[in-house]
Amino acid sequence: MNILIVDDHSVVRKGLMQIIEEDPSLEARFFETATAQEATRILAGHPIELVILDISLPGKGGLDLLKEIRTGKNEVPVLIVSMYPEEQYAIRALKLGANGYLSKATAAEDLICAIKQLTTSGKYISPALSSLLAAEVASGRPLGKLPHEMLSYRELQIACLLASGKSSQEAAAELCLSVKTIGSYRSRLMQKLNVRNNAELTSYCIRHALVS
């Protein structure tokens, strides 16, 4: 199986490869990269059978890459493995075309289980994600209709930073952006979320479990 691992941390990529290599039932050839741009080139040049994708990448984010993959009619299974918990990004990722979602805090055997399920049934729903989906259905609200789900990955990232108490200067430093750029994103995302100030933004993000 040809597996492409896209994560901006080399130690994470090596760790994922080691976990997979230690399972005798999985024979894998690995391709790895830290950027979405290089991932696009690898996908175009090799018969990749599974993509393991992080959300936080330099430049173009993982969800933007996922959207690009699906827009190009590529049906390769994509497993999101992220530092962010399921409640923050999992449902959004599934709507964009991901086949599964795992938090990096989960055990190694969960990764192996996810890969095996993806190769047989094409989908992996973790217990945590299953609970989230059940809650969405029980709420009676159509999936995909929440305002924050209309935000770009970068807008959502900045919204969460600001809602967590970070200043524009701190958010700019963390994301390697200018304060002016943060201000532009802030104006757009607040308009999309229909909030007027940081207090309302924080309230919105807490209400929808985007921050704790």
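Could you go through the range 163-179 in sequence order and give the Karplus-derived ³J(HN,Hα) for each residue, using 6.51 cos²θ - 1.76 cosθ + 1.60 with θ = phi - 60°, rounded to whole Hz, and x for Gly and Pro?
Using θ = phi - 60°, the values come out as 5, 7, x, 6, 7, 4, 5, 5, 5, 4, 5, 5, 9, 6, 10, 7, 4 Hz.
Can you compute 3J(HN,Hα) from phi for each residue in the range 77-92, using the Karplus curve 6.51 cos²θ - 1.76 cosθ + 1.60 with θ = phi - 60°, rounded to whole Hz and x for Gly and Pro?
x, 10, 9, 7, 10, 9, 6, 7, x, 3, 5, 8, 9, 4, 5, 4
Could you check the simple spin-label distance between Ile42 and Met17, using points 7 Å along Cα→Cβ, in nm with one decimal?
If labels sit at Ile42 and Met17, their model points lie 0.9 nm apart.
Does anyone have the angle between helix 198-207 and the longest principal axis of the chain? Alpha-carbon axes, 0 to 90°, nearest 10?
40 degrees
Work out from phi, with θ = phi - 60° and the Karplus expression 6.51 cos²θ - 1.76 cosθ + 1.60, the ³J(HN,Hα) of each residue of the range 110-117, listed in order in whole Hz, and give x for Gly and Pro.
Listing the rounded values in order: 5, 4, 4, 4, 4, 4, 5, 5 Hz.
Please compute the Cα-Cα pair-distance distribution of the range 147-207 with 5 Å bins starting at 0, giving whole percents from short to long.
Going from the shortest bin to the longest, the percentages are 4, 21, 36, 26, 12, 1.
Skipping prolines and chain starts, which residues have an amide H placed within reach, meaning under 5 Å, of the one on Phe31, given they are 5 or more residues away or on another chain?
Hits under the 5 Å cutoff: Ile3, Leu4, Ile5.
Going by amide H atoms built from the backbone, whose H comes under 5 Å of the H on Asp23, apart from near neighbours?
Here nothing satisfies the definition.
If you line up the long axis of helix 36-45 against the longest principal axis of the chain, both from Cα atoms, how many degrees apart are they, to the nearest 10?
30 degrees
Roughly speaking, what is the stretch gain from Asn2 to Lys104, that is 0.36 nm per residue apart minus the C-alpha to C-alpha distance, in nm to one decimal?
34.6 nm
Let me have the 222 nm mean residue ellipticity of the chain computed from DSSP H runs of 4+ only, each contributing -39500 (n - 2.57), with the sum over all residues rounded to the nearest 500.
Value at 222 nm, helices only, nearest 500: -16500 deg cm²/dmol.
For the chain, take the longest principal axis of its alpha carbons; what is the angle in degrees between that and the long axis of helix 62-71, to the nearest 10 within 0 to 90?
70 degrees
Put one equal scatterer on each alpha carbon of the chain, apply the Debye formula with no solvent term, and list log10 I(q)/I(0) at q = 0.08, 0.09, 0.10 1/Å to two decimals.
For the chain, the Cα-only Debye profile gives -0.29, -0.37, -0.46.
Read-outs throughout are calculated quantities, based only on the coordinates presented, and are distinct from any laboratory measurement. Computed from a predicted model, the values in this text were never measured in an experiment. Positions of Cβ are generated from backbone atoms using ideal geometry, with glycine treated the same way; all protein chains shown enter the neighbour counts.
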